[in-house]
Structure formats: structure tokens, C-alpha cells
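A quick write-up on the structure given underneath.
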Amino acid sequence: MLKKGIQNYFISLKHFFTPLGTMFLGIMIGVSILVPGIYAAFTDLINDIKNLGSTLNLDFTILWNTLWDKILALDWNMPSEALEVLFSKDWMNQTLYEILSTLLGTDFEVFQTQIAASIENFTSAIVAYCIVFFVWWILGYIAGYILIRFLIRRTIAKRGIWKYIVSIGFSSILSVAMVVLLAFLYLLWKPSIFISFVCILGITGMFSLLLSYLVYGRGIVKLKHIVNVKNIGLYLLTSLLIFLIALAFSLIAAAINTLLGIFVALSLFEIAFLVISMNADSYVKEMTNHAQIEIMDSF
């Protein structure tokens with residue numbers, strides 16, 4: 001199981017660019033909405049301020065360049081923290097408030113209430129456009145997940161429609177049962193969450209092998225040959241090694257460029273998760289094929 005599971009992951013890496021492609025498609029659609037949206041929000045902000053009085057004059061370029069300098073001043077050595085600050089509505093409100101008070105001088109004090117309302121409308125629009133952008137990014141990622149799931153499934157453990165329905169039914173029931181059990185234990189004794197975390201690793205392996213047996217091996221191989229301590233341990237070890245391989249490649253990419261590391265990690269871990277979820281099927285199908293060959297040879 002160990003060798004086959006690792007082999008399945010490396011074979012599946014041929015689909016590495018599939019989730020990247022669908023992600024970038026989603027990002028491109030998101031950007032096509034975000035950029036015009038930001039421009040329109042800036043234009044509305046400037047027009048709102050200009051309409052307050054004839055003495056008010058605000059240049060788009062100056063406002064944008066000043067805001068951009070503030071954005072560049074964030075600590076981009078920590079990208080996640082910088083993005084968290086950047087997409088904070090409070091930070092955007094405060095930054096624009098400071099910029100406009102400097103650019104407009106005494107006029108800002110006269111129309112402070114109206115300008116504050118315009119800033120609020122601007123930041124609300126920016127947040128909305130950013131949400132749309134991330135939604136498209138996520139949709140692109142999900143599209144990649146669905147597509148490579150089909151491609152990897154076809155390579156590792158192809159299923160017919162009936163086996164697919166049975167698998168979905170059993171996995172749903174087992175997943176709900178496990179969640180309910182863990183929640184119940186947590187309510188009884190909160191420290192059990194740590195014990196449950198360890199147990200869930202073993203339970204996941206057991207359920208994966210049991211489900212694969214019910215779908216592929218029932219009536220062909222014995223249950224004890226599939227669901228046993230050795231196989232559960234090998235399944236968990238294989239899963240751990242696959243995640244470590246994905247992590248190692250991601251860290252190498254991140255060492256070259258942080259943004260590159262993020263996209264590489266998203267693709268590698270998506271493939272890792274899918275392969276791990278199908279490794280039990282791959283193992284049981286292999287055992288089933290061997291058993292059927294032995295039966296044919298016996299005649």
C-alpha cells in the first residue's frame with residue numbers, strides 16, 4: 001500500500017497545472033470585475049467630493065498615488081498579515097481619512113461629515129468588489145478540484161455510476177456518524193478533543209478501507225484482509241508521507257517566491273488530498289484483481 005500510494009501521488013502530479021489553470025481563469029474573471037470596480041469607486045469618491053463645493057478640487061492621480069504609497073508601506077515580508085490589513089475596512093477608512101485631510105486642508109474640516117460618508121461608501125464598494133474577486137478565485141479552485149478528481153479517479157480507481165452512488169451514500173453516513181460522535185464526546189469532556197484528534201486519524205483510515213471494501217471487495221476478498229491494524233497503519237503512514245512531499249515542494253517554491261509558493265501549495269495539496277482519499281480504493285481494487293486472477297487460475 002505504501003509504495004502504491006506514493007506512486008499514485010507522483011503519477012497524479014501530471015495534473016499539476018490543471019487546478020492552476022482553473023484558478024487563474026477564476027482570478028482573471030475576478031480581476032476583470034475588480035479593476036473596473038475600483039476605478040469606478042475612486043471616480044465616484046472624487047465626484048462626490050467635488051460636488052460638495054466649487055472650491056474643492058481633487059485629482060485622481062494624486063489620490064491614487066498617495067494611497068498606493070500607503071499600501072506599499074505595509075509589511076509585505078509577511079504577505080498574509082499585509083493582506084489582512086489591506087482588506088480591513090477600518091484601515092482603508094482611516095487611511096483615506098488621513099490622505100483627504102492632507103490634500104483638502106481647511107476644506108476637509110468644513111465638509112468633514114459629508115466626506116466621511118463618501119469614504120464609507122467607497123470602502124464598502126471596495127470590500128464588495130474584493131469579495132467578488134475572491135469568490136471567483138475560489139470557484140476556479142473548486143472547478144479544478146472537480147476536474148482533477150475526475151481525471152485522478154479515472155487513473156487510480158475508476159467507478160461506475162452505481163458504485164459511485166453507493167460510495168457517496170456510505171461515506172455520507174459514516175462522516176455524519178463520526179462528527180456526531182466526536183461532538184458528543186467533546187460535550188461530555190472537553191479535553192477529549194485532543195484524544196479525539198489522534199483517534200480520528202485511525203478512524204479515517206478504517207472508514208476509508210471499509211468503504212472501499214464495501215464498494216469493490218465485498219464477496220471477493222475477506223474483510224479481515226482489508227480492514228486490519230496493519231493496513232490502517234500503512235494507510236496513515238502513506239497519507240503522512242504524501243502530505244510531507246507536498247509540503248517539501250511547496251517550501252522550495254516559497255523559498256524562490258512567496259506568491260509562487262502559495263499557488264504551488266494550493267495545487268499540490270489539492271492533488272494530495274484527492275490521492276489520499278482514493279488510495280484505499282486503489283489498494284482494494286488491486287487486492288480484488290489479484291483475487292479474481294487467482295480464482296481464474298484455479299479453474
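The values are calculated or read from the model by the stated rules, or taken from the named source; none is laboratory data. What you are looking at is a predicted structure, and each value in this text was computed from that prediction instead of being measured. Every residue, glycine among them, receives a Cβ derived from its backbone with ideal geometry; neighbour counts consider all protein chains shown.
Consider the range 218-234 and keep the residues that are in contact with a helix residue (DSSP H, G or I) (Cβ under 8 Å, 6 or more places away or on another chain) and part of a loop (DSSP other than H, G, I, E, B). The one that is surrounded by the fewest Cβ atoms within 10 Å (Cβ to Cβ) is ILE220. Report, by residue number, each residue of the range 47-90 that is in a helix (DSSP H, G or I), of a type in the set (A, V, I, L, M, F, W, C) and touching a Ser or Thr at 6+ places or on another chain (Cβ under 9 Å). Result: ILE49, PHE60, LEU67, ILE71. Cβ-Cβ contacts under 8 Å between residues 6 or more apart (or on different chains), taken from a first residue in the range 1-26 that is farther than 30 Å from ASN228 by Cβ to a second residue that is at pLDDT 90 or above and not in a helix (DSSP H, G or I), are absent.
Evaluating ALA116 against the criteria (1) within 30 Å of ASN8 (Cβ to Cβ); (2) surrounded by 14 or more Cβ atoms within 10 Å (Cβ to Cβ); (3) free of Cβ contacts under 8 Å to residues at least 60 places away in the same chain leaves one unmet condition, (1). Out of GLN7, GLN112, GLN94, one residue alone is closer than 30 Å to SER282 by Cβ and not basic (Lys, Arg). It is GLN7. Tallying residues that are surrounded by 14 or more Cβ atoms within 10 Å (Cβ to Cβ) and either over 36 Å from the mean Cα position of the chain (by Cα) or not assigned by TED's automatic domain parsing to the domain that holds PHE134 (or both) within the range 84-111 yields 8.
So for the range 262-279 (the condition being part of a helix (DSSP H, G or I), over 30 Å from ASP75 (Cα atoms) and at pLDDT below 80), does at least one residue qualify? Yes, that holds for at least one residue.
If you check TYR145, TYR129 for being at pLDDT below 85, closer than 30 Å to ILE29 by Cα and within 22 Å of the chain's Cα centre (by Cα), only one passes: TYR145. Among residues of the range 192-214 that are of a type in the set (Phe, Trp, Tyr), those with a beta-carbon under 6 Å from a residue that is at pLDDT below 70 at least six positions away or on a different chain give the pairs PHE207/LEU174.
Being modelled with pLDDT of 80 or more and not acidic (Asp, Glu) narrows it down to one residue among TRP137, TRP189; which is it? If you could, list the steps in order and put the result at the bottom.
Numbers: TRP189 fails: modelled with pLDDT of 80 or more.
Just a single option satisfies the conditions, and that option is TRP137.
Just one of ALA73, ALA125 is more than 17 Å from PHE42 (Cβ to Cβ) and out of contact with any strand residue (DSSP E or B) (no Cβ under 9 Å at 6 or more places or on another chain); which is it?
Values: ALA125 fails: more than 17 Å from PHE42 (Cβ to Cβ).
Testing whether each residue is more than 17 Å from PHE42 (Cβ to Cβ) and out of contact with any strand residue (DSSP E or B) (no Cβ under 9 Å at 6 or more places or on another chain) leaves just ALA73.
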